[in-house]
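Data block below; observations after.
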Amino acid sequence: MATTVVESKEWYMAAYAPEGVPTSDHLKLRSVTLSLAGDSIPDGHAIVQTLFISVDPYQRTRMTGMQDGLYFSQFNLDEVITAFSIGRVIRSKGNNYKEGDIVLNPFSPIADYCVVPSESLIRKIDPTSGVPLPDYLSSLGVPGFAAWVGIEVLGEPKAGSNVFVSAAAGAVGMYAGQLAKLKGCRVVGSTGSDEKVKLIKDDFGYDDAFNYKKETDLDAALSKYFPDGIDIYFDNVGGEMLEAVLNHVNKHARIPICGMISQYKKKWTDRDGVRNLLNMVGKEIRMEGFLVGSYLDRFGDFAKEMESYIKEGKISSKYTIYHGIESYLQSLGSLFTSTNIGKVVIEFKS
């Protein structure tokens, strides 16, 4: 390799953002000089060039500066923020990976290049398999796995069950609905635009869907779409929608809680409370939050099932792809609007 030194751009946490969407006051881009020479790499490490970065709502919860029980620890100030990524090994001082390998990195710095312990890389990816690389950050990655855990493991779907999925056109919701349909359920989704309503019905096979922004009364909407009640609610949003759902669940309903994106931009003292939790007692509901890291022993089962569905054409994916590391701030903000569809990823310049 002729080039032994590169300028690598990276995003770092300049200041915490307790409320709202982080801006350039909170997240900043800088360049650092990185040596690609073999003797500059510690033993057991690799230099990886980033090809794709996953942009996910949980990243927002690590930027508040407050420890309020959500997900992971806060990003440290003046340090590079991290995300799931797909990259190419440029140099390696380890036995597991060689130059040119395409790898999946769960804690990748959001940077053009990074030096990481080889043991932190999850797996090699075969770029000739016919599976698009972004799928490893989507249907075969955390979003697909989260949907599978919530529906398959916690939801316990049965043919004919009435399933409701919020944020149904999002990275996780699009798979949750499709997996429930494959189990023979009747599936209805909510989303934030008419375009997405059409998408989840036409492309993801939802039986019905509604634009929650057009519904002035969520209780009335759920009565309309679920005259026989809700058996499984896959919750991605929390807040008012969760409260409304609790008025329409059937006895022994299951509510897997994957996220609460409607609450991420608020201090915990300003978040919407749910006033009808007593319904959980009378209806004997099981509501359970989950993190996919607690179910890694099931990842093999998930991957086998999902890969089979993909090869059979039974699972559809949609992406919103941004280009270049500079687009991270914009792409993160898009998660909290109705502009993006499906999984949000950034394709880096290779």
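Data table
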{"quantity": "Conditions (1) at pLDDT below 95; (2) more than 27 Å from residue 233 (Cβ to Cβ); number of the one not met by residue 101", "calculated": "(1)"}
{"quantity": "Lone unmet requirement of (1) basic (Lys, Arg); (2) touching a Lys or Arg at 6+ places or on another chain (Cβ under 9 Å); (3) part of a helix (DSSP H, G or I) for residue 224", "calculated": "(2)"}
{"quantity": "Pairs with Cβ under 6 Å, 6+ apart, first in segment 216-244 and touching a residue at least 24 places away in the same chain (Cβ under 8 Å) and within 14 Å of residue 289 (Cα to Cα), second open to solvent by 10 Å² or more (accessible area, probe 1.4 Å) and among the basic types (Lys, Arg)", "calculated": "232/254"}
{"quantity": "Any chance residue 286 is of a type in the set (Lys, Arg), over 19 Å from the mean Cα position of the chain (by Cα), farther than 19 Å from residue 84 by Cα and at pLDDT 95 or above", "calculated": "yes"}
{"quantity": "Hits in segment 145-168 (condition: of a type in the set (D, E, K, R) and either farther than 18 Å from residue 314 by Cα or touching a Phe, Trp or Tyr at 6+ places or on another chain (Cβ under 6 Å) (or both))", "calculated": "156, 158"}
{"quantity": "Residue in segment 146-162 that is assigned to a helix (DSSP H, G or I), over 18 Å from residue 256 (Cβ atoms) and in contact with a helix residue (DSSP H, G or I) (Cβ under 9 Å, 6 or more places away or on another chain) present", "calculated": "no"}
{"quantity": "Test for residue 142: is it more than 30 Å from residue 269 (Cβ to Cβ), at pLDDT below 95 and among the aliphatic types (A, V, I, L, M)", "calculated": "no"}
{"quantity": "Tally, over segment 236-255, of residues that are at pLDDT 95 or above, open to solvent by 10 Å² or more (accessible area, probe 1.4 Å) and within 14 Å of residue 277 (Cβ to Cβ)", "calculated": "1"}
{"quantity": "Evaluation of residue 159 against (1) modelled with pLDDT of 95 or more; (2) among the hydrophobic types (A, V, I, L, M, F, W, C); (3) surrounded by 20 or more Cβ atoms within 10 Å (Cβ to Cβ) (one fails), failing number", "calculated": "(3)"}
{"quantity": "Tally of residues being touching a residue at least 60 places away in the same chain (Cβ under 8 Å), closer than 21 Å to residue 292 by Cβ and either among the aliphatic types (A, V, I, L, M) or open to solvent by less than 60 Å² (accessible area, probe 1.4 Å) (or both) across segment 117-139", "calculated": "8"}
{"quantity": "Some residue of segment 129-144 being touching a helix residue (DSSP H, G or I) at 6+ places or on another chain (Cβ under 8 Å) and more than 14 Å from residue 317 (Cβ to Cβ)", "calculated": "no"}
{"quantity": "Restricting segment 196-212 to residues that are touching a residue at least 12 places away in the same chain (Cβ under 8 Å) and either assigned to a helix (DSSP H, G or I) or among the acidic types (Asp, Glu) (or both), the residue that is farthest from residue 139 (Cα to Cα)", "calculated": "212"}
{"quantity": "Out of 309, 319, sole residue that is in contact with a Pro (Cβ under 6 Å, 6 or more places away or on another chain) and more than 19 Å from residue 247 (Cβ to Cβ)", "calculated": "319"}
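Residue by residue, here is whether (1) within 21 Å of residue 152 (Cα to Cα); (2) of a type in the set (A, V, I, L, M); (3) more than 22 Å from the chain's Cα centre (by Cα) holds:
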position	(1), (2), (3)
168	yes, yes, no
190	yes, no, no
196	no, no, no
209	no, yes, no
228	no, no, yes
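The values are calculated or read from the model by the stated rules, or taken from the named source; none is laboratory data. Values in this document were obtained by computation on a predicted structure and should not be read as measured data. Methodologically, a virtual Cβ is constructed for each residue, glycine included, from the backbone with ideal geometry; neighbour enumeration extends over all protein chains shown. Keep in mind that these areas ignore ligands, DNA and RNA; they rest on the heavy atoms of the full protein, side chains included. Shrake-Rupley method; radii C 1.70, N 1.55, O 1.52, S 1.80 Å.
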